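Shown next, in structure tokens, is the structure this report addresses.
The values are calculated or read from the model by the stated rules, or taken from the named source; none is laboratory data. Computed from a prediction, not measured in an experiment: that's the story for all the values here. Glycine also receives a Cβ, built like all others from the backbone with ideal geometry; neighbour counts cover every protein chain displayed.
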Amino acid sequence: MNYKYEIINYDKNIPAKIMYLNLSSDTHKTELHWHREPELVYVVEGQAECSNNGENFIVKQNDCFLFNSEDVHLVRPAKGMNAKLIFIQLSFEYMRAFCRTIDNIFFDICKSPDTKEKFISVLNDISVLDSKNDEYSTLLHISNINKIYYLLLKYCLCFKRASDSLVIPKRDFSYAKIAISYINENFKREISLNEISSVVNLSPSYFSKYFKNITQVSFSDYLANLRLENAIQDMISKNSTVSTAALENGFANVKSFITQCKKIHTCTPAQYKKRLLNR
């Protein structure tokens with residue numbers, strides 16, 4: 001079975017991505033996916049059905065669960081229910097400033113009941129912010145997210161990735177991690193298939209098959225989608241023009257930016273920006 005790789009783009013002001021979602025099992029469809037970033041899920045109301053590396057379980061109201069880096073997972077409302085959920089996707093790059101070995105670490109938020117209760121307390125504070133019309137709430141979000149990072153690094157470090165690790169990889173992500181990291185750092189310039197395959201020391205043909213098998217998208221589509229999401233983000237956060245956003249994020253020209261946006265979002269970049277701002 002293949003699993004989709006998800007690109008995570010962070011809020012420019014908060015060192016994590018926070019999503020508040022009200023979902024119904026009747027309408028919400030999701031699929032197994034994975035990403036490099038750990039993800040914390042908190043159930044504000046209802047119940048959530050989760051799958052993590054083939055293990056299925058229910059997370060009840062006022063409880064949370066952490067998916068570690070590269071876990072193949074999904075979260076959806078329990079059958080026949082609605083659920084209000086908070087998803088927090090955490091940044092390895094932010095944590096690296098405090099823990100240089102972050103790439104070799106897993107987290108366990110259930111090491112002790114007291115530790116998990118501390119997470120739930122912070123997550124409840126974050127959930128309350130969603131209902132407040134407060135122009136300065138970003139400051140509180142930053143404070144709460146940093147509390148989460150503190151709890152993770154202080155109390156939840158475990159299982160180094162080593163040959164004798166107790167954690168058995170479900171699939172070989174190693175080449176994909178290197179390739180994705182390289183693409184994320186260099187997407188604003190031209191990157192050829194030959195270049196990226198040489199970075200991971202694989203032949204271009206083998207790398208193409210491997211990358212699509214792991215991420216469920218081709219190398220070229222992944223690169224185009226990454227450029228698209230960052231260009232749209234620049235239009236929103238920097239108020240960049242379509243032309244500037246395209247050229248500063250690796251598109252060969254404005255036409256290719258518009259074409260990619262229509263392919264993914266079925267509208268032009270300007271229309272998609274308006275849609276996002278009117279949510």
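Taken over region 78-137, the criterion of being touching a Cys at 6+ places or on another chain (Cβ under 8 Å) and more than 19 Å from Gln47 (Cα to Cα) is satisfied by Ile105, Phe106, Phe107, Asp108, Ile109, Lys111, Thr115.
Checking each residue in region 6-24 for being at pLDDT 75 or above and among the β-branched types (Val, Ile, Thr) picks out Ile14, Ile18. Scanning region 174-197 finds one or more residues that are of a type in the set (Ser, Thr, Tyr) and modelled with pLDDT of 90 or more. For region 126-146, a tally of residues being over 14 Å from Leu85 (Cα atoms) and assigned to a loop (DSSP other than H, G, I, E, B) returns 5. Checking Asn82, Asn56 one by one, the residue that is outside the structural domain of Ser181 (by TED's automatic domain parsing) and in contact (Cβ under 8 Å) with a residue 60 or more places away in the chain is Asn82 and no other. Of the listed requirements (1) assigned to a helix (DSSP H, G or I); (2) modelled with pLDDT under 85, Arg161 misses just one: (1). Screening the candidates Gln89, Gln61 for the property of being modelled with pLDDT of 95 or more, out of contact with any Pro (no Cβ under 7 Å at 6 or more places or on another chain) and either within 27 Å of Leu23 (Cβ to Cβ) or not small (Gly, Ala, Ser) (or both) yields one hit, Gln61.
Within region 20-53, being in a loop (DSSP other than H, G, I, E, B) and either among the charged types (D, E, K, R) or in contact (Cβ under 8 Å) with a residue 60 or more places away in the chain (or both) holds for Asp26, Lys29, Glu31, Arg36, Glu37, Pro38, Asn53. Condition test on Ile145, is it surrounded by 15 or more Cβ atoms within 10 Å (Cβ to Cβ) and at pLDDT below 85? Spelling it out, it is not the case that Ile145 is surrounded by 15 or more Cβ atoms within 10 Å (Cβ to Cβ) and at pLDDT below 85. The residue pairs whose first member lies in region 137-148 and is under 19 Å from Ala97 (Cβ atoms) and free of Cβ contacts under 8 Å to residues at least 24 places away in the same chain, whose second member is of a type outside the set (S, T, N, Q) and part of a helix (DSSP H, G or I), and whose beta carbons are closer than 7 Å, counting only pairs six or more residues apart or on different chains, are Asn144/Val122; Asn144/Asp125; Asn144/Ile126. When the residues of region 92-125 are filtered to those that are assigned to a loop (DSSP other than H, G, I, E, B) and either buried (at least 20 other Cβ atoms within 10 Å of the Cβ) or not assigned by TED's automatic domain parsing to the domain that holds Asp26 (or both), the one that is modelled with the lowest pLDDT is Ile105.
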